[in-house]
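Structure first, commentary second.
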Amino acid sequence: MAVNRAFRVTPDITPNSTYGKDVMLVTGGVIEKRAESVHPTYVRRERAIDIMGYGGRNFTAEGKMGPFETRLEALGKITPLVFGNFGEINQACMGQLVECAAEEGKARWRSMGARNEKKGIALVKNGFIREIGVATVRDETRESHAGDPASGVTLRVAT
């Protein structure tokens, strides 16, 4: 397993490993593949609207981009924030998280009781990662057990 900066997980347990020493970082894998597929999916959907028409009109001349695809391309490449079932996040999300943590840590490191700015940034970053991981896993569990009476989780439908 290659190491990069993403959410922490424990590796498979081997006879000589302990949780404290062998904590590894998640590689891109499925999360990065999903992130890479988001922009092409949006382009494909917008192209389909242009070709099939909106309200019965075909907006696309042969070999040209239609108005929907043109507008999407004007916005630039979509940067998705992808969350996995086990609390892992993609590289783009981690980049956004680090930027937010840096700003927050620089502004509040003294009030947080950190020794210096670098420690304050690390505290904020680790807190963000923990909160995202817990929220992701909690929601995944809620979704997978929704409607199961034994789980205590029920679906609530707004009326």
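Summary table below
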| item | result |
| --- | --- |
| Number of positions in region 81-90 that are under 8 Å from the mean Cα position of the chain (by Cα) and surrounded by 16 or more Cβ atoms within 10 Å (Cβ to Cβ) | 6 |
| Helices (runs of 4 or more DSSP H) contained entirely in region 58-159, each with at least 3 residues that are of a type in the set (Gly, Ala, Ser), more than 30 Å from residue 43 (Cβ to Cβ) and at pLDDT 90 or above | 91-108, 117-145 |
| Count of residues meeting criterion [in contact (Cβ under 8 Å) with a residue 24 or more places away in the chain and of a type in the set (Ser, Thr, Tyr)] in region 105-150 | 1 |
| Residues (more than 22 Å from the chain's Cα centre (by Cα) and surrounded by 15 or more Cβ atoms within 10 Å (Cβ to Cβ)) located in region 118-130 | 120 |
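The values are calculated or read from the model by the stated rules, or taken from the named source; none is laboratory data. Being a predicted model, the structure only gives us computed values, none of them experimental. Positions of Cβ are backbone-derived with ideal geometry, glycine not excepted, and every protein chain shown enters the neighbour counts.
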